[in-house]
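Nothing in this text is a laboratory measurement; each read-out follows from the coordinates by a stated rule. Because the structure is a prediction, the values reported are computed rather than measured. Quick reminder, even Gly has a Cβ in these numbers, built from the backbone with ideal geometry, and neighbours come from all protein chains shown.
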Amino acid sequence: MRSYFLLLFLLASSSIFSQKKIDNTFLFPIDIKPSVSGSFAELRSNHFHSGIDLSTNGKTGIPIKSMESGTISRIKVSPVGYGNAIYIKHPNGYTTVYGHLKSYSKKVEEIITKAQYEKQSFAIDYFPKEEIQIKKGEVIGFSGNSGSSGGPHLHYEIRDTESEEPLNPFMFQDIIKDDIRPHIEAIRLYPLNKDSRINGSTKPINFVAVFYDGKFHLKGNPTIKVKGDIGVAIKMLDYMSGSWKKCGVYKLDLYKNDTPIYGWELFRFSFYESRYLNSHIDYSYKKKTGRRYEKCFRDPNNKLSIYTNTVNDGIINCTGKDHLKFIAKDAAGNTSELGFNIIADTKSYPIVEPNKINNQYKVNCKEDFKLEKENFSCHIPKNSLYKNEAIIIRELNQKSKENNPIFEIGDSHIPLHTSIELNFNCPDSTNHEQLCIASVSPKGNLYYAGGNFNDGKLSLKTRSFGKYTLSKDTVPPSISLRNIPANHNYSTKGIIYFRISDSYSGIKSYNGFIDGKWCLFEYDAKSKLIWCKLDKTAVVKGVKHSLELIVEDNCNNTAKKEYSFVY
């Protein structure tokens, strides 16, 4: 009998470890002690995090190694996003990605610099035509803070080369340690139709969780009476050993009377479905409060592939007394449990009908919706919404700070999966070159949204409901020289820095010329710094040179800066 139970334990352990150690040939990409600052599939704004973030202790310039032999399939340079990134395709069927680099290795740097000069662009998405071989453990670059990074770190991914789907890198390594269980903070119960109730209320109710006796419990062990169809959501997070950075939970299952009815597992996902995160969470509550709850009931147009064991899309109808239980796991297998009871409410309640509102339209999420008014039109394509919604669309009886009409197009707390199209009529006297559409904040502030002029109308494709108005940008970007050396002699510094910014529509393009020839300027959007490394140009030392920097914003306003220097 003892041998039988030992065999069962070994089989269970084997399945756990075989799941974790998918491919032990991968090296860890960095030699310093790992500290995870972002986990795979962590919930971010509008998307799941597609890799693991490794903190570099506030430092940049740490060598980054290729995790396996392969060939460079892509080099991408951008002032936003992953910044300096490199993609390496491996014979084992995987592609590894390394982002936010400060710089590339000399071999890679020469390749990408040549491509940038050929295209005459700093931002470049380069797919090498020739095979560039990389050895396992070869240094391919150095850690940094480029792109949209919030601090020095390495973002790395492991993707299925064929499908390009990101996979959970935690399952491919043994270096990152984690012995901390997920932390469950609270749950939220929702009445899902007009005759549903939670403790007599037609509104969602939150219940705080506390930990004791090895499990999580609802604080105060509350009595929860429910009527009609209800849904449940959970607020939780995870930590990893040696780090206080908040990470996401790998796996969740919801049970009703010990039968699984809803769950998900975050081993892989597709980039095209990542935005469904806005349906996976309570988007409206997150926008209003900043608190993120993951729903355990599914909207009709939520097409995420991560869900498992779904019964009736997670919608619960209690007719007696039911025990609900959450089991949350991280990628290392650490487990947390929360259980609670719900009781059927047999009391009769009056049906509450929603108030009728002028200019409110019922939009079916599975169908196209078009509305044309005198001064504007709106098109909501099918599958833009995750569920049927009542949408207010109207011209308001108020003007913007620029004395233009304001149009209300839906509620900003309702998420959109794909873009809707808005069209606004333009006055004949308007300078259309500098015309744009702006979103209007609750305080009346205007924020550039975009827009294209065609046939007397300004059109905008947007994935945000809200208030919009016509606007103008007539102010060109600003350019200022930074760190000026004595006599403008850069023989010691070797780099010329400028700061560029735009107060409204934002920077669209930037080009620098030395002695009339295009030269490479690198740009970091978050710091607004742009710089030219003179050793990457054809300048002659000891000779006076002329430099011209041209910056254009999104409304075609242009600024120029001319400068003389010696190298």
Scalar couplings 3J(HN,Hα) for the stretch 317-324 by Karplus 6.51 cos²θ - 1.76 cosθ + 1.60 (θ = phi - 60°), nearest whole Hz, x for Gly and Pro, are 10, 9, 10, x, 9, 10, 9, 9
Applied in sequence order to the stretch 188-201, the curve 6.51 cos²θ - 1.76 cosθ + 1.60 (Karplus, θ = phi - 60°) yields integer Hz couplings, x standing for Gly and Pro, of 9, 9, 10, x, 9, 8, 5, 9, 8, 9, 10, 6, x, 9
Magnitude of the Cβ-charge dipole (Lys and Arg +1, Asp and Glu -1) of the stretch 19-172 about the Cα centre, nearest 20 debye, reported as 380
Checked against the structure, the computed Kirkwood radius over Cα pairs in Å among (1) 27.3; (2) 25.3; (3) 26.6 is the one labelled (1)
Going through Lys106/Lys536; Lys295/Lys467; Lys194/Lys235 one by one, the pairs whose alpha carbons sit over 21 Å apart turn out to be Lys295/Lys467; Lys194/Lys235
Under the rule rounded for a/c under 1.5, else prolate if a/b exceeds b/c, else oblate, using alpha carbon gyration tensor axes a ≥ b ≥ c, the stretch 31-163 is classed as rounded
Burial-style ranking of 349-361, 453-465, 160-172, average other-beta-carbon count within 10 Å with highest first, yields 160-172, 453-465, 349-361
Once the in-chain neighbours fewer than 8 apart are removed, the aspartates and glutamates whose Cα is under 16 Å from Lys286 read Glu42, Glu185, Glu294, Asp411
For the chain, averaging the sequence separation of alpha carbon pairs under 8 Å that lie six or more residues apart and dividing by its residue count, the contact order in percent is 10
Violations at 30 Å Cα threshold for listed pairs Lys89/Lys177; Lys362/Lys526; Lys219/Lys303 -> Lys362/Lys526; Lys219/Lys303
Which of Lys373/Lys401; Lys399/Lys472; Lys114/Lys533 exceed 19 Å between C-alpha atoms? The answer is Lys373/Lys401
The stretch 478-566: relative contact order from alpha carbon pairs under 8 Å, six or more residues apart, as a whole percent, is 33
Of the candidates Val540, Ala525, Tyr510, the farthest towards the positive dipole end of the stretch 433-567 (Lys/Arg Cβ +1, Asp/Glu Cβ -1, centred on the Cα centre) is Ala525
Amide H contacts under 5 Å for Ile315, restricted to residues at least 5 apart in sequence or on another chain and with H modeled in the peptide plane, are Arg298
Quick shape check on the stretch 478-566: root eigenvalues a ≥ b ≥ c of the Cα gyration tensor, a/c under 1.5 is rounded, otherwise prolate if a/b tops b/c, else oblate, and it reads prolate
About its Cα centre, the stretch 465-529 carries a charge dipole, from +1 on Lys and Arg Cβ atoms and -1 on Asp and Glu Cβ atoms, whose size in debye to the nearest 20 is 180
With the label point 7 Å along the Cα-to-beta-carbon line of Thr319 and a cut-off under 19 Å to each amide N, the hits in the stretch 240-276 are 256-261
To the nearest 20 debye, the stretch 360-472 has a Cα-centred charge dipole, built from +1 on Lys and Arg Cβ and -1 on Asp and Glu Cβ, of 360
Out of Gly450, Ile32, Ile88 - ranked by how far each Cα lies towards the positive end of the dipole of the chain, with unit charges on the beta-carbon of charged residues - the top one is Ile32
In whole Hz, the Karplus estimates of ³J(HN,Hα) for the stretch 554-559 (6.51, -1.76, 1.60; θ = phi - 60°; x where Gly or Pro) are 6, 10, 6, 7, 10, 10
Expected sort for 409-418, 67-76, 474-483 on mean C-beta neighbours within 10 Å, highest first, is 67-76, 409-418, 474-483
Taking alpha-carbon centroids only, the stretch 502-567 lies from the stretch 261-277 a number of Å equal to 42
As straight-line cross-link partners of Lys119, the qualifying aspartates and glutamates (C-alpha separation under 17 Å, not fewer than 8 residues apart within one chain) are Glu109, Glu110, Glu522
Note on the stretch 360-472: contact order normalised by length, alpha-carbon pairs under 8 Å, 6 or more apart, percent, works out to 27
Sorted by chain and then number, the residues having a modelled amide H within less than 5 Å of the amide H of Ala209, at least 5 places away or on another chain, are Ala186, Ile187, Lys219
The alpha-carbon center of the stretch 25-53 and that of the stretch 423-471 are separated, in whole Å, by 38
Among Cys247, Asn206, Ile187, the residue whose Cα sits farthest towards the positive end of the charge dipole of the stretch 176-266 (+1 at Cβ of Lys and Arg, -1 at Cβ of Asp and Glu, taken about the Cα centre) is Asn206
